[in-house]
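Reading through the structure tokens given below for one structure.
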Amino acid sequence: MHRVGSAGNTAGSSRPRKEKRFTYVLNDADNKKHCAGINCLSYLNASTSGTSDYLFTGSRDGTLKRWEPKNGVASFSATFESHVDWVNDAIIVGQNLVSCSSDTTLKVWNCLSDGACTRTLRQHSDYVICLAASEKNSNIVASGGLGGEVFIWDLDSSLAPVAKSVDAKEDEAPNGNSGPALTTLCNVNSSSNLASTNGQSHGYSPITAKGHKDSVYALAMSDTGNTLVSGGTEKVVRVWDPRTGSKKMKLRGHTDNIRALLLDPTGRYCLSGSSDSMIRLWDLGQQRCIHSYAVHTDSVWALASTPSFSHVYSGGRDQSVYLTDLSNRESVLLCTNEHPILQLSLQDDMIWVATTDSSVNGWKAEAHEPLKLFQKGSSFLAGNLSFSRARASLEGSAPVPIHKEPSSIIPGVPAITQHEILNNRRHVLTKDTAGSVKLWEITRGAVIEDFGKVSFEDKKKELFEMVSIPAWFTMDARLGCLSVHLDTPQCFSAEIYAVDLNVAGAQEDLKINLAQETLRGLLIHWSKKKQRSGSHGLSNGDTSTGKDVSLKNLPHPRSEVDDGAENHASQMLPSFEFSTVSPPSIITEGSSGGPWRKRITDLDGTESDIPWWIVDCVEHNRFPKENTKCGFYLHPAEGSPAPNITQGKLSAPRILRIHKVANYVVEKLDRPLDGNADSTFGMGLTSGQSQFSALDSSSRLGLKPWQKLKPSVLAPEMSLATVRAYVWKKPEDLILNYKVVQSR
């Protein structure tokens with residue numbers, strides 16, 4: 001299993017985090033589709049749902065989606081969103097959908113709901129990879145993961161009513177304890193609330209099946225719930241009694257990781273698929289392997305059997321789906337895909353194939369009459385040893401697939417595979433699996449330009465700007481989309497002049513804090529709903545309209561050393577308006593330590609566990625004042641007759657323009673210097689800190705700036721930070737020289 005950091009980790013942060021991280025995920029314009037590989041599939045038939053057939057897909061984008069397949073077309077039905085990392089497996093348990101994730105949790109959902117999570121189960125110490133359930137005992141679920149842990153859950157005992165849709169106040173199951181034998185302790189009523197008969201739902205602990213020393217990749221449970229099998233990196237199949245967690249036996253034979261397991265309805269026969277490319281059939285009564293099938297040329301990652309358990313469909317890294325007769329070893333190549341196959345799901349005579357791509361393909365499977373497929377294609381006899389198929393493939397005798405094209409396709413959108421944060425710290429260049437290069441504005445979560453299939457590196461060079469803005473966020477694309485991480489206090493270090501955002505009527509010196517305005521844009525819906533519910537609204541009386549606004553009536557900036565007040569618009573600025581059609585999702589840690597995820601338009605104003613520093617910023621305009629100053633020395637150029645107009649080091653906002661420094665010099669040269677190093681000068685400069693450079697417009701004395709500050713020419717619109725980063729390029733304090741040039 002490829003290990004990577006989750007969306008909520010500290011990767012990319014230069015300082016240890018003390019406060020809870022806040023992340024927002026930018027969703028694609030078509031949010032009805034997955035944007036990353038599909039890890040799992042689960043099918044709910046109409047007889048169980050009471051309405052229609054449904055297919056559930058779980059993705060590496062962290063969401064599950066419900067589809068309604070009809071007449072070869074699967075229409076979107078709902079999105080289930082709460083996991084904060086990859087969804088690795090999902091199963092149907094009665095009327096519930098249970099999912100597991102790399103965020104170390106299991107989540108329970110009502111299959112027919114609009115996507116609200118009813119419960120989160122926390123017990124695993126590492127990624128949860130696989131699930132198994134009993135067909136006839138609809139409250140028993142087993143889970144396994146990279147921590148080598150296998151837990152058996154009684155859902156009726158573990159579930160408790162949830163007061164709100166965000167699962168932040170859910171009780172955690174105590175860690176490390178084995179629970180009692182499973183019994184049904186409570187029942188689900190018509191409103192989906194749960195009533196415990198013994199009051200132990202808040203302190204529930206699942207049964208622990210102890211024995212694995214390393215990662216568990218696959219689980220399967222018999223229909224009666226009396227037998228559980230597991231497999232992983234130890235290359236053995238372990239058999240358990242799920243009612244007590246006790247070991248029954250251990251089956252050896254595979255030479256590599258076990259990645260897929262199936263049990264027949266009786267629980268006597270077990271099928272296993274392995275990274276050694278072999279499929280093995282085990283007789284648990286005899287405790288031995290009775291058949292092995294060399295069908296694939298690479299790792300076997302997915303298995304699905306016909307209802308009678310007479311034939312098995314298999315798929316894996318070789319991107320092929322085979323159908324094998326378990327009795328006579330005859331195999332046929334059903335289809336080939338463009339990506340490695342992660343999971344298979346049978347729906348009547350259709351087999352759905354999940355791959356590392358964001359789309360799902362459906363192929364005609366003839367599950368009830370598999371002999372029809374053998375009559376259509378050229379079959380071969382599965383060998384006993386893995387090298388037999390590999391050798392046959394090398395000799396050019398690879399079989400021809402029965403189906404060339406899928407019968408049905410659930411399309412996804414290309415996943416982002418490459419990204420680059422541009423120097424202005426507002427734009428991000430991305431490249432996806434389709435080769436398209438796009439430019440995003442992350443302060444409003446929108447694609448502002450689609451360049452098509454062009455060179456990513458060439459476009460990155462073309463968009464280069466000589467500008468220096470602090471790194472106020474970190475980013476990753478492990479969910480197939482952009483996740484932007486904000487940590488306090490460093491996220492509040494970046495400021496920009498309002499005029500640079502093309503804000504109508506903005507005063508020249510009005511500064512905007514990028515993190516504060518971004519947070520206000522993300523939580524505007526939360527703020528409005530909180531006000532309507534009677535809670536405290538924004539302390540400044542914000543009634544954001546989401547429309548273009550003018551800053552003509554905003555307060556004037558203070559004339560202080562920072563060259564502009566910490567003024568903030570009382571209405572939403574266009575550059576920070578997030579879409580309500582494809583709104584971003586936020587991820588943050590709940591009050592009990594567990595992270596949660598929710599779309600900004602689904603926030604209802606009752607979420608009390610949004611980090612305090614976020615609430616302080618959005619509601620009260622309070623946030624840590626990171627050092628936004630730049631220190632410098634201002635000296636006359638060598639050989640210049642101009643006097644020295646300052647004493648000591650000066651400081652000013654690092655976004656201050658060079659032409660402001662030039663105007664300051666002109667103003668000082670036009671009047672006597674008072675000689676006080678601590679005095680406050682015009683243009684918001686004070687002596688005694690930071691760094692600057694160069695000159696601009698002509699003055700009333702007929703002076704103009706000397707812009708050839710050998711060896712560099714400083715443009716009037718350059719900021720102090722830009723000069724320091726791209727011109728000065730030294731760790732020492734910045735020194736700026738000025739020279740008086742007579743006007744012609």
Quiz item: With respect to ARG425, is the statement that it is touching an Asp or Glu at 6+ places or on another chain (Cβ under 9 Å) and of a type in the set (D, E, K, R) true?
Solution: no
Quiz item: Out of curiosity, is ALA220 under 14 Å from ALA133 (Cβ atoms), assigned by the TED database to the domain that holds GLN343 and within 34 Å of the chain's Cα centre (by Cα)?
Solution: yes
Quiz item: Somewhere in segment 55-63, is a residue part of a loop (DSSP other than H, G, I, E, B), open to solvent by less than 10 Å² (accessible area, probe 1.4 Å), closer than 23 Å to PRO406 by Cβ and in contact with an Asp or Glu (Cβ under 7 Å, 6 or more places away or on another chain)?
Solution: no
Self-check item: Subset of segment 228-260 (residues that are among the hydroxyl-bearing types (Ser, Thr, Tyr) and either surrounded by fewer than 17 Cβ atoms within 10 Å (Cβ to Cβ) or on the phi > 0 side of the Ramachandran plot (or both))
Solution: THR244, SER246, THR255
Practice problem: Take the residues in segment 261-280 that are open to solvent by 10 Å² or more (accessible area, probe 1.4 Å) and touching a Gly at 6+ places or on another chain (Cβ under 7 Å), then tell me which one is nearest to ASP223 (Cα to Cα). | Solution: ARG268
Quiz item: Taking into account only those residues within segment 344-371 that are at pLDDT 95 or above and out of contact with any Ser or Thr (no Cβ under 9 Å at 6 or more places or on another chain), which is nearest to GLY480 (Cα to Cα)?
Solution: THR356
Exercise. Of all residues in segment 358-374, count the ones that are surrounded by fewer than 18 Cβ atoms within 10 Å (Cβ to Cβ) and in a loop (DSSP other than H, G, I, E, B).
Key: 2
Quiz item: Restricting segment 302-311 to residues that are open to solvent by less than 40 Å² (accessible area, probe 1.4 Å) and out of contact with any Asp or Glu (no Cβ under 8 Å at 6 or more places or on another chain), which is nearest to THR233 (Cα to Cα)?
Solution: ALA302
Quiz item: Taking into account only those residues within segment 404-462 that are part of a strand (DSSP E or B) and aromatic (Phe, Trp, Tyr), which is nearest to ILE496 (Cα to Cα)?
Solution: TRP440
Self-check item: In segment 104-126, the residues that are open to solvent by less than 20 Å² (accessible area, probe 1.4 Å) and in a loop (DSSP other than H, G, I, E, B)
Solution: CYS111, GLY115, GLN123, HIS124
Practice problem: Answer with yes or no whether SER570 is at pLDDT below 80 and polar (S, T, N, Q). | Solution: yes
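Can you give me the number of residues within segment 317-341 that are in a strand (DSSP E or B) and farther than 11 Å from VAL353 by Cβ?
Looking only at segment 317-341, we keep the residues that are in a strand (DSSP E or B), and these are 320-325, 330-336, 341.
Restricting the remaining residues to those that are farther than 11 Å from VAL353 by Cβ gives 322-325, 330-333.
So the answer is 8.
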Quiz item: Name the pairs: first residue in segment 412-427 and touching a residue at least 60 places away in the same chain (Cβ under 8 Å) and within 12 Å of LEU479 (Cα to Cα), second residue open to solvent by 40 Å² or more (accessible area, probe 1.4 Å) and of a type in the set (D, E, K, R), Cβ to Cβ under 8 Å, at least 6 apart or on different chains?
Solution: ALA415/ARG60; ILE416/LYS431; THR417/LYS431
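Every residue in segment 638-654 that is closer than 13 Å to THR722 by Cβ and open to solvent by 20 Å² or more (accessible area, probe 1.4 Å), please.
Taking segment 638-654 and keeping what is closer than 13 Å to THR722 by Cβ, we get 653-654.
Of everything in segment 638-654, just one residue is closer than 13 Å to THR722 by Cβ and open to solvent by 20 Å² or more (accessible area, probe 1.4 Å), namely ARG654.
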Exercise. Return a yes/no flag: does segment 375-385 have any residue that is within 38 Å of the chain's Cα centre (by Cα), surrounded by fewer than 17 Cβ atoms within 10 Å (Cβ to Cβ) and at pLDDT below 85.
Key: no
Self-check item: For LEU685: the one exception among (1) of a type outside the set (Lys, Arg); (2) open to solvent by 20 Å² or more (accessible area, probe 1.4 Å); (3) modelled with pLDDT under 80; (4) closer than 28 Å to ILE512 by Cα
Solution: (2)
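From SER102, SER52, which residue is over 29 Å from HIS212 (Cα atoms) and either free of Cβ contacts under 8 Å to residues at least 12 places away in the same chain or in contact with an Asp or Glu (Cβ under 6 Å, 6 or more places away or on another chain) (or both)?
The conditions single out SER52.
If a residue must be hydroxyl-bearing (Ser, Thr, Tyr) and in a helix (DSSP H, G or I), how many such residues does segment 479-532 contain?
Within segment 479-532, residues that are hydroxyl-bearing (Ser, Thr, Tyr) and in a helix (DSSP H, G or I) number 3.
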Quiz item: So PRO69 clears everything in (1) at pLDDT below 90; (2) over 22 Å from the mean Cα position of the chain (by Cα); (3) of a type outside the set (A, V, I, L, M) except one condition, right? Which one?
Solution: (1)
Quiz item: Looking at segment 724-737, which of its residues are at negative phi and either over 36 Å from the mean Cα position of the chain (by Cα) or not in a helix (DSSP H, G or I) (or both)?
Solution: VAL727, TRP728, LYS730, PRO731, GLU732, ASP733, LEU734, ILE735, LEU736, ASN737
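The values are calculated or read from the model by the stated rules, or taken from the named source; none is laboratory data. All values reported here derive from a predicted model rather than from experimental measurement. Glycine also receives a Cβ, built like all others from the backbone with ideal geometry; neighbour counts cover every protein chain displayed. To get the accessible areas, we keep the full protein, side chains included, count just its heavy atoms, and leave off ligands, DNA and RNA. Shrake-Rupley method; radii C 1.70, N 1.55, O 1.52, S 1.80 Å.
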